[in-house]
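Input: a single structure, listed below in structure tokens.
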Amino acid sequence: MERSDEALCRDVANREPGAFDLLVERYQERAYRIAWSVVRDREDAKDCAQEAFIRLHDAAGSFAGESKFSTWFYRILVNCCLDHRRRGRGWRRLLVWRDAEDEDQTSDLVERQPAPPDDPGERMDEDQKMSRIWEAVETLSPQQRAAVTLQCREGLATKEIASVLGTSEATVRVHLHRAFATLRRRVGGTP
Amino acid sequence: MTPHPSDRLLPYLRGELAAAERAAVDTHLAVCAECRDTVRDFATIAERLARAPEPAPPIHWGAFRAQLHEKLDRRQRPVATGRRWSMGPVPATLAAGLAAVLLYLGVLGPGALTPGGNQASLEGEVLDGRLDVVSQLDLVQNLDLFEDFDAIDRLDPLAPSQES
């Protein structure tokens, strides 16, 4: 029978040979995908995912088993990604006027405006929408992207996302609602 | 009509709301076409996000793991190396200091550390009285005093004739 993630994490804490490699193989793709959803850069995403695994290796003994291993690990991962973004943002602020947060506020203002009338002639077909949906995700703030990816790709519940992002369930609901409202505005909804 | 339950629409879709909250949203949806449209569109978007092809650029997983292990080793290495560096000089310094003190006591005698007295005259007196030891300087230098403290105790019996 396959060992659970939680049992493997305990094995990593006890420095059991092979346990760490097994966990890495299980989570590497998800870790990279989530990291990419936040940092939007191949090399940065790879670095963040690797950093998360290194922190997992070092902190495996502190996993109390009160939550699922995946939730605990995703929290480490998202923290790595957000730390990475914060480090980079200091430099970017010297170069650009607005960062993602500013854009987020702007989108909130747009959100309050009445929706433009739907023009069927301009509506994209379903394939185009499918291909454009992740492009539209790029316009979201890092927290919104993380919440969307964790919910729609990893299937986490709002409560689990709150635990991963280290915030309240109410805040996650707001992040997700704003994210979906932005996507709806940019790509459209009903086929 | 109740206010739009905006941030509860997604949890509603995912079946995460408690019974009372769900009932409240149901009641609102029954009378609000705008929220019904939103729920329908959100469901479509969620489905697209789940089905859309993986957007992250592909990477080589073998290289990913190799690089990860390399980073892990590099993080662990400075700690181990640092220990070697920090453990090495301390005993050597202590041993050298101890040997210097013992040598000083051996040359000057037990009263050397007593306070008072003219140090220059004391040194002259010692040099006069213990020239036999100083004359064995070559022998002393050839002894590995820092590693074999017993040699210090046997300095006196060692005569130049024993050297050969």
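Side notes on the structure shown:
- Checked against (1) closer than 18 Å to A:Arg153 by Cβ; (2) at pLDDT 95 or above; (3) within 11 Å of chain B (Cβ to nearest Cβ), A:Arg26 passes all but condition (3).
- Of the helices (runs of 4 or more DSSP H) lying entirely inside region B:1-100, those containing at least 2 residues that are more than 12 Å from every other protein chain (Cβ to nearest Cβ) and at pLDDT below 90 span B:61-87.
- Residue selected from region A:29-40 under the condition touching a Leu at 6+ places or on another chain (Cβ under 8 Å) and at pLDDT below 95, by the criterion nearest to A:Ser67 (Cα to Cα): A:Ile34
- Residue check for A:Thr139: modelled with pLDDT of 70 or more, under 16 Å from the mean Cα position of the chain (by Cα) and within 11 Å of chain B (Cβ to nearest Cβ): no
- Residue match in region A:134-144 (condition: of a type outside the set (Gly, Ala, Ser) and within 13 Å of B:Leu10 (Cβ to Cβ)): yes
- Filter pass, A:Lys68 being out of contact with any strand residue (DSSP E or B) (no Cβ under 9 Å at 6 or more places or on another chain) and in contact (Cβ under 8 Å) with a residue 40 or more places away in the chain: yes
- Criterion: among the aliphatic types (A, V, I, L, M) and touching a Phe, Trp or Tyr at 6+ places or on another chain (Cβ under 8 Å) - qualifying residue of A:Ala13, A:Ala35: A:Ala13
- From A:Asp58, A:Asp83, residue being within 17 Å of the chain's Cα centre (by Cα) and assigned to a helix (DSSP H, G or I): A:Asp83
- When each of A:Glu43, A:Glu103 is tested for being modelled with pLDDT under 85 and either part of a helix (DSSP H, G or I) or of a type in the set (Asp, Glu) (or both), the lone residue that passes is A:Glu103.
- Scanning region B:40-51 for residues being among the hydrophobic types (A, V, I, L, M, F, W, C) and buried (at least 18 other Cβ atoms within 10 Å of the Cβ) gives a total of 4.
The values are calculated or read from the model by the stated rules, or taken from the named source; none is laboratory data. Source: prediction; values computed, not measured. Note: ideal-geometry Cβ built from the backbone for every residue, glycine included; neighbour counts use all protein chains shown.
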